[in-house]
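Enquirer: My structure is below; once you've seen it, I'll send some questions.
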Amino acid sequence: MTRPTADDAGGGARMREGIKAMAPADESVVFLTGAAEGLGGEIARELAKAGQRLALFDVQADKLQAVADELAPVTEVLPLVVDLSDAAATEQAVQRALRHYGTPRALIHDAAVLKEVAMIDVSFDNWRREVDVTLQAAFILSRAVWPGMVRARRGSILYVSSGSALGGFVKETAYTPAKHAQEGLMRVLELEGREFNIAVNTITTGRPIDTPMSASHYTEKMKIGMVHPSRLAPAFVFLSGIDASFATGQRFNAFQLSEAIRSAAA
Ligand SMILES: NC(=O)c1ccc[n+]([C@@H]2O[C@H](COP(=O)([O-])OP(=O)(O)OC[C@H]3O[C@@H](n4cnc5c(N)ncnc54)[C@H](O)[C@@H]3O)[C@@H](O)[C@H]2O)c1
C-alpha cells in the first residue's frame, strides 16, 4: 500500500500538526454539493431554515445563484460554481470555502450524474466523468475538511448513496461502480475517524424522489412511491449535527429518518 505524495497538498503533515493543536469546528457551517436543484436544493433550504451557514457547490451557475439569492435573507451562503469532475477545480473550491468559513461542522456530498449508457456504447470520458463527480470529489472534499475535523475532535461527513451502491443496474456502467466505491471510502474513513469522533456515513433516499435526475431516466414503474425531495431533507439537518459517538459507518435511509423526525416533533 502506498501513501499519496506529490498531489497530497500537505494533507499528512497538516493532519499531524492538527492533532497537536485542537481547535473547534464552526458548529453552524455545512459544505453541501449538488445544491443547485433536486435533493441538494431541498437540503440547502432545510439547513438554512435550521440556521446553518452554507458553502454550496454546483456546476450549474445560474441555478446555484438562484438558490443562494433565495436563501440570502435567511442565512449566509457562499455559492461556489465548480465542476466536481475536475480535481484541481474541486480542490480550489473547497479551499476557498475553508478560507471563508474555516472547518465546517459537516460535509454533505450529494452531487452525482447518472447517464444510462450500455457497455457497448459508453465512452471512457463519460464513464470517467460520472465516477469522478461521485467518488473523486468525495475523496478531495473529505480530505480537505479532514484535518480541521481531526483538530476539532468532531464532524460529520455524509455521502448520498443509492440502491445502486449495493446492487447493479443495466446501463449504469459508471453510476453503480461509483456509488459502490463511495461506500468503500466511507468504510475506510469511518474506521480512521472513530479515534477523532468524526462520523462518516452514507445515506440512501429510501424512496424515489421527484428530481431532474429521476425525470430523465425513471420509468412509470420506478416512479411508484415517488416523493418530493423536501420530504427527505430533515434527515440531512439531523445528521449534519452528529459525530461518531452517535453513529458512524451506517447507511441511513433519508425517507425513514425524516419521517421519524417529523413524527417525533408532532
Ligand atoms: N433521484 C432519485 O430518485 C435518486 C435515487 C437514489 C439516489 N439518488 C442520489 O441522490 C442525489 C441527488 O440526486 P437528484 O435526484 O437530486 O439529482 P439531480 O440530477 O436532480 O441533481 C444533482 C445535482 O448535482 C449537480 N451536479 C451534477 N454534476 C455536477 C458536477 N460535475 N459538478 C458539480 N455539481 C454537479 C447538478 O447540477 C445538480 O444540481 C445523488 O447523489 C443521486 O445519486 C437519487
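The numbers here are math on the coordinates, done by the rules we state, and not lab data. What you see is a predicted model; the values in this text were computed from it and never measured. Here the Cβ positions follow ideal geometry from the backbone for every residue, glycine too, while neighbour counts run over all protein chains shown.
Enquirer: Which of the residues spanning the stretch 29-75 are outside any loop (DSSP other than H, G, I, E, B) and among the acidic types (Asp, Glu)?
Expert: The initial filter retains those residues of the stretch 29-75 that are outside any loop (DSSP other than H, G, I, E, B), namely 29-33, 38-49, 53-58, 61-71.
Across the stretch 29-75, the qualifying residues are GLU42, GLU46, ASP58, ASP62, ASP69, GLU70.
Enquirer: Could you please find all residues in the stretch 229-266 being in contact (Cβ under 8 Å) with a residue 24 or more places away in the chain and in a loop (DSSP other than H, G, I, E, B)?
Expert: Result: SER240, GLY241, ILE242, ASP243, ALA244, SER245, PHE246, ALA247, THR248, GLY249, GLN250.
Enquirer: Let me ask you something else. For the stretch 167-177, does any single residue satisfy the condition of being surrounded by 22 or more Cβ atoms within 10 Å (Cβ to Cβ), more than 16 Å from the ligand (Cβ to nearest atom) and not in a helix (DSSP H, G or I)?
Expert: No, because not a single residue in the stretch 167-177 is surrounded by 22 or more Cβ atoms within 10 Å (Cβ to Cβ), more than 16 Å from the ligand (Cβ to nearest atom) and not in a helix (DSSP H, G or I).
Enquirer: Write out, first by first residue and then by second, each pair whose Cβ atoms fall under 6 Å of each other, whose residues are 6+ apart or on separate chains, and whose first residue, in the stretch 35-57, is free of Cβ contacts under 8 Å to residues at least 40 places away in the same chain while the second is near the ligand (Cβ under 7 Å from one of its atoms) and of a type in the set (D, E, K, R).
Expert: Final answer for the pair search is ALA36/ASP58; ALA36/LYS63.
Enquirer: Among the residues of the stretch 171-194, write down those that are free of Cβ contacts under 8 Å to residues at least 24 places away in the same chain and either touching a strand residue (DSSP E or B) at 6+ places or on another chain (Cβ under 9 Å) or not polar (S, T, N, Q) (or both).
Expert: Within the stretch 171-194, HIS180, GLY184, VAL188, GLU192 meet the criteria.
Enquirer: Which residues, taken from the stretch 76-129, are among the charged types (D, E, K, R), over 18 Å from the mean Cα position of the chain (by Cα), within 26 Å of PRO212 (Cβ to Cβ) and part of a helix (DSSP H, G or I)? Quick ask: steps written out before the conclusion?
Expert: To start, the set of residues in the stretch 76-129 that are among the charged types (D, E, K, R) comprises 76, 83, 86, 91, 96, 99, 105, 110, 115-116, 121, 125, 128-129.
Pick out the ones that are also over 18 Å from the mean Cα position of the chain (by Cα) and you get 76, 99, 115-116, 121, 125, 128.
The next check asks that each one be within 26 Å of PRO212 (Cβ to Cβ); those that pass are 115-116, 121, 125, 128.
Matches in the stretch 76-129: ASP125, ARG128.
Enquirer: Looking only at the stretch 42-59, which residues are closer than 17 Å to VAL82 by Cβ and either surrounded by fewer than 24 Cβ atoms within 10 Å (Cβ to Cβ) or within 7 Å of the ligand (Cβ to nearest atom) (or both)?
Expert: The first filter runs over the stretch 42-59 and keeps only residues closer than 17 Å to VAL82 by Cβ, leaving 44, 54-59.
Listed by number, the residues that qualify are PHE57, ASP58, VAL59.
Enquirer: Can you go through GLU195, GLU190, GLU183 and tell me which one is away from the ligand (no atom under 11 Å from the Cβ), exposed (fewer than 15 other Cβ atoms within 10 Å of the Cβ) and not aliphatic (A, V, I, L, M)?
Expert: On the way: GLU190 fails: exposed (fewer than 15 other Cβ atoms within 10 Å of the Cβ); GLU183 fails: exposed (fewer than 15 other Cβ atoms within 10 Å of the Cβ).
Every option except GLU195 fails the conditions.
Enquirer: Return the residues of the stretch 115-135 that are out of contact with any Lys or Arg (no Cβ under 7 Å at 6 or more places or on another chain) and over 16 Å from ASP58 (Cβ atoms); say none if nothing qualifies.
Expert: LYS115, MET119, ILE120, ASP121, VAL122, SER123, PHE124, ASP125, TRP127, ARG128, VAL131, LEU135
Enquirer: While we're on this one: Given (1) touching a residue at least 24 places away in the same chain (Cβ under 8 Å); (2) surrounded by fewer than 18 Cβ atoms within 10 Å (Cβ to Cβ), where does ILE224 come up short, assuming only one miss?
Expert: (1)
Enquirer: ARG262: basic (Lys, Arg) and more than 12 Å from the ligand (Cβ to nearest atom), yes or no?
Expert: It is true that ARG262 is basic (Lys, Arg) and more than 12 Å from the ligand (Cβ to nearest atom).
Enquirer: Let me ask something additional. Select from the stretch 60-82 the residues that are within 14 Å of the ligand (Cβ to nearest atom) and surrounded by 15 or more Cβ atoms within 10 Å (Cβ to Cβ) and list them in ascending order.
Expert: The answer is GLN60, LYS63, LEU64, GLN65, ALA66, VAL67, ALA68, PRO79, LEU80, VAL81, VAL82.
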